[in-house]
Amino acid sequence: MAVTFVASSQLPTQWGTFTMHGFVDDENGKEHVVLTMGDIADGKPVLGRLHSECLTGDALFSLRCDCGFQLEAALKAIAAEGRGALLYLRQEGRGIGLMNKIRAYNLQDQGADTVEANERLGFGADMRDYGICRPMLEHLGIRSLKLLTNNPRKVKALEEFGIPVAERLPLQFGLNPFNRKYLATKAGKLGHMLGNLHQAEAD
Ligand SMILES: Nc1nc2c(ncn2[C@@H]2O[C@H](COP(=O)(O)OP(=O)(O)OP(=O)(O)O)[C@@H](O)[C@H]2O)c(=O)[nH]1
Ligand SMILES: [Zn+2]
C-alpha cells in the first residue's frame, strides 16, 4: 500500500496546537489526516491512536457509539504528554461507508446487534484494513507506538507490518445507555478489551 504526502499545517485546538499532515491513498484516493505533536521521529515509542472515521460520533454528537469521546480523550492525552500522533483513518462504518452504516443502524433499530446488522447487509463484521498506516508512520519517522485502543486487531495489524506496540493503553470513555449494548457486543463478538463497562460510565 502506498500514500502520497500532500502538505502539513498547524491545527490549533482547545487542548493545544497540533501539526496536521495530509495524505492521499494511492489506491482509492481516500484522504487521511495525521495530527502530531512534539518530536515523534526520535526513535522512542510514540503515544498514538489509530482512529477510524465515525461522522456520527466524531462530528454529530451521536451517543450510539463511543468514538467521539475516544477522539477527544486521545487528543487530550497526546496534548498532556506534549508528544504523540493521531491517525484519522477514513474507514467510516468499520470500512463499509456512511450510507451502509446508516442501513446497519436501521437494522439495529429493529433489534439486530452491530455484527448481525453488518452480516445481514452482506459485509463482514469488520472490513477495516490498517495497511495504509505503515507508509504514513514511515513518512513521519514513527518506529513504535504506545497505542491507545481497546481493539486487539489494531495491535496485531501494526506488529504484522513491522511497527512494534511497546504498550497498549485502554481508552474507555463515553459509556451511556444508548451504547451499552453496542459496547457489550464489541467485547463479546469482536474481542475488544473493555474491562469494566460500569467504571467507564462512572468516569
Ligand atoms: N458497521 C458499523 N460500524 C460502526 C458501528 N458503530 C460504529 N461504527 C464504526 O466503527 C468504527 C470504530 O470502531 P469501534 O469498533 O468503535 O472501535 P475500534 O476503532 O475498533 O477500537 P478502539 O481503538 O478501541 O476504539 C468507526 O469507523 C465507526 O464509524 C455500527 O454499528 N456498524
Ligand atoms: Zn462511532
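The values are calculated or read from the model by the stated rules, or taken from the named source; none is laboratory data. Source: prediction; values computed, not measured. Virtual Cβ from ideal backbone geometry, glycine too; neighbours counted across all protein chains shown. Note: areas computed on protein heavy atoms with side chains; ligands, DNA, RNA excluded. Shrake-Rupley method; radii C 1.70, N 1.55, O 1.52, S 1.80 Å.
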Answer yes or no as to whether residue 89 is over 19 Å from residue 173 (Cα atoms), within 14 Å of the chain's Cα centre (by Cα) and open to solvent by less than 50 Å² (accessible area, probe 1.4 Å).
yes
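The rows are residues; the columns are (1) assigned to a strand (DSSP E or B); (2) closer than 17 Å to residue 128 by Cβ; (3) aliphatic (A, V, I, L, M); (4) without any contact (Cβ under 8 Å) to a residue 60 or more places away in the chain.
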{"residue": "1", "(1), (2), (3), (4)": "no, yes, yes, no"}
{"residue": "5", "(1), (2), (3), (4)": "yes, no, no, no"}
{"residue": "8", "(1), (2), (3), (4)": "yes, no, no, yes"}
{"residue": "12", "(1), (2), (3), (4)": "yes, no, no, yes"}
{"residue": "20", "(1), (2), (3), (4)": "yes, no, yes, yes"}
{"residue": "24", "(1), (2), (3), (4)": "yes, no, yes, yes"}
{"residue": "28", "(1), (2), (3), (4)": "no, yes, no, yes"}
{"residue": "40", "(1), (2), (3), (4)": "no, no, yes, no"}
{"residue": "51", "(1), (2), (3), (4)": "yes, yes, no, yes"}
Quick one: which residue in 131, 111 is in contact with a Phe, Trp or Tyr (Cβ under 7 Å, 6 or more places away or on another chain), more than 21 Å from residue 84 (Cβ to Cβ) and away from ligand 1 (no atom under 12 Å from the Cβ)?
131
Restricting the search to segment 109-128, which residues are free of Cβ contacts under 8 Å to residues at least 12 places away in the same chain and open to solvent by less than 70 Å² (accessible area, probe 1.4 Å)?
111, 112, 116, 122, 124
Looking at (1) open to solvent by 10 Å² or more (accessible area, probe 1.4 Å); (2) over 15 Å from residue 85 (Cα atoms), which one does residue 150 not meet, given that it meets all the others?
(1)
Go through (1) more than 10 Å from ligand 1 (Cβ to nearest atom); (2) closer than 29 Å to residue 4 by Cα and name the single condition residue 67 misses.
(1)
Condition test on residue 26, is it within 30 Å of residue 113 (Cα to Cα), among the acidic types (Asp, Glu), open to solvent by 20 Å² or more (accessible area, probe 1.4 Å) and touching a strand residue (DSSP E or B) at 6+ places or on another chain (Cβ under 9 Å)?
no
Restricting attention to segment 37-53, and to residues there that are touching a Lys or Arg at 6+ places or on another chain (Cβ under 8 Å) and within 16 Å of ligand 2 (Cβ to nearest atom), which single residue is most open to solvent (accessible area, probe 1.4 Å)?
53
Cβ-Cβ distance below 6 Å, separation of 6 or more or different chains: which pairs start in segment 54-67 with a residue that is more than 14 Å from residue 114 (Cβ to Cβ) and end on one that is open to solvent by 40 Å² or more (accessible area, probe 1.4 Å) and in a helix (DSSP H, G or I)?
55/98
Go through the residues of segment 165-185 one by one and say whether even a single one is open to solvent by less than 40 Å² (accessible area, probe 1.4 Å), part of a helix (DSSP H, G or I) and at pLDDT 90 or above.
yes
Please go through segment 186-196 and give me each residue that is buried (at least 16 other Cβ atoms within 10 Å of the Cβ), out of contact with any Lys or Arg (no Cβ under 6 Å at 6 or more places or on another chain) and assigned to a loop (DSSP other than H, G, I, E, B), ordered by number.
190, 194
